[in-house]
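Laboratory data are not the source of any read-out in this text; all were calculated from the coordinates shown. Everything quoted here is computed from the prediction, not taken from an experiment. Backbone-built Cβ (ideal geometry, glycine too); neighbour counts: all protein chains shown.
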Amino acid sequence: MDWRDCEAGASDPWHRTVRMVLPVLDMARQACDGMKAALAMAGLEAQPLELHSAVSCALDTPDAAAQWVQGRRVFARCTLAQRSVGFPE
């Protein structure tokens, strides 16, 4: 796989596929799983959120980051992500 494969897939995503590099995909999954576990252990919200919803909520909430770190449910009204892109269930 090289950049041409990625470019072709980006230009026609519904009809072309880009071969995934499984060791990289596995590392990304493990990183996501580790992050979710660490957030949950710290008592912080760790559910996957829809990006636009979470950014909007963060921008609309004064001191959102500080509140989140204190364990407040800042993102409770956000839309949950349907699935993680690139990570088949």
Report summary line: Expressed in nanometres to one decimal, the distance between label points 7 Å along Cα→Cβ at ALA40 and ARG19 is 3.5 nm
**Report entry** Long-range amide H partners of LEU49 with built H, under 5 Å
**Finding:** ALA81
Report task. For n ≥ 4 DSSP H runs only, could you compute -39500 (n - 2.57) per run for the chain, divide by its residues and tell me the 222 nm figure to the nearest 500? Result -> -15500 deg cm²/dmol
Query - Interatomic Cα distance distribution for segment 1-42, bins of 5 angstrom, percent - result: 5, 21, 15, 15, 14, 12, 9, 7, 2
**Report entry** Largest to smallest principal axis extent of the C-alpha atoms in segment 45-84, angstrom
**Finding:** 27, 18, 13
**Report entry** Spherically averaged projected area in nm², based on the convex hull that wraps the Cα atoms of the chain
**Finding:** 7.5 nm²
